[in-house]
Amino acid sequence: MPLLTVEELQGIALFPSAATLSLETLSAYQPDLIVGTSYFIEQIGYTRLAAIAPTVALGGATPLDNYIETFTVFGRGDEGQHAVDTFRAEVQATAARIDAAAQRVSVMTVYPGPSLALWFDGPAPLPLLLRELGVQLRPDPASKAGLTVRNGRAFISLEQLPLADGATLLLLQSADVEGEDGAVRDVQAKPLWQQLSAVQAGRVVTLDRIGYPGLRGQRALLADLAQAIAP
C-alpha cells in the first residue's frame, strides 16, 4: 500500500534524491521555507539553500525525532510529540502480542559485489524499530569475535553467512541500487545460504530498506515486522 495517496500528492513536485534537484529548479518554486534532514541539507549545501529561502536542518537521530522537529518548526511540537508517544505505545502493544522478546531475528543486506552486512542498530530505521520491539537480534555482536559494528552494521564474508542464525531472516534491500538484485541471487545460490535455519524454515522476508519514511512509514514498517517475525 502506498504511503501517500494521489490526492495527497496533488501539486507536489517529487525528486528521487538530492542529487537530482537543481538549485535553479528549487529557486523557481520561490519557497518561503526549506526544511530537510541534515543529510539532505548537507548534500546540497546549507549556504546555497539559505540563499534561496530560510533553511532548517532536522538533526534528529531517528525518523520519530525528525517528525517531532518538523512539527516544532511549524509551532505544533506538542501535537508531534503526542503522535509519537501514541506510536510508541503501539510498538509496546505489538511487542507483547507477538512475544517479541522470544523472537530470534537476523537482519542482513546484500550489496553489489556481493558484499554482506548484518544489522544490529540504528541509524537505519528498521533495526532501530526492531530494537524498540525488543527482539533478539542475531548474532549477538558482543559474543562474536571479529565483528566490527559501525553505523549499526557489520560487514561479513560469504564464509560467515552461518552467523545469520536467527529463526527469521530479514533482508533489507533496495531495487533502486544497480546490481543489488543480482547480488542477492548470487548469495542465495550458495550452499551456505541453503543451510541457514531461516531459509530452511521458509522464514526469509525481504523489506525495502528505504521504503518507510516518516511516522506513517514507521507504522507501515511496524505492521510488516509484526507479520514477518510473529511465531
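Values quoted throughout were computed directly from the atomic coordinates according to the rules given, and no laboratory measurement underlies them. This one's a predicted model, so the numbers in the text were calculated from it and none came from an experiment. For neighbour counting, all protein chains shown are included, and Cβ atoms are generated from backbone atoms with ideal geometry for every residue, glycine included.
Remarks
- Highest-first packing order for the peptide set 179-188, 112-121 is 112-121, 179-188, based on the mean count of other beta carbon atoms within 10 Å.
- Highest-first packing order for the peptide set 83-91, 219-227 is 219-227, 83-91, based on the mean count of other beta carbon atoms within 10 Å.
- Relative contact order computed over the chain (Cα-Cα under 8 Å; 6+ residues apart), in percent: 18 percent
- With helices as the sole contributors, the chain gives -11500 deg cm²/dmol at 222 nm; each DSSP H run of n ≥ 4 counts as -39500 (n - 2.57), and the sum is divided by every residue.
- The C-alpha radius of gyration of the chain, expressed as a fraction of 2.2 N^0.38 Å, stands at 1.13.
- Coordinate range of the alpha-carbon atoms in the stretch 100-229 per principal axis, descending: 37, 34, 30 Å.
- Dividing the convex hull volume of the alpha-carbon atoms in the stretch 18-94 by its residue count gives 101 Å³ per residue.
- The charge dipole of the chain, taken about the Cα centre with unit charges on the Cβ atoms of Lys, Arg (+1) and Asp, Glu (-1), comes to about 660 debye, rounded to the nearest 20.
- Among 204-211, 122-129, the order from most to least packed when residues are scored by Cβ within 10 Å on average: 122-129, 204-211
- FRET efficiency estimate (nearest 0.05) - Cβ-Cβ, residue 10 to residue 230, R0 35 angstrom: 0.40
- Positive-pole candidate from 95, 74, 62, dipole of the stretch 58-97, charges at beta carbon: 95
- Two-site label geometry, residue 157 and residue 142: point separation in nm, points 7 Å out along Cα→Cβ: 2.8 nm
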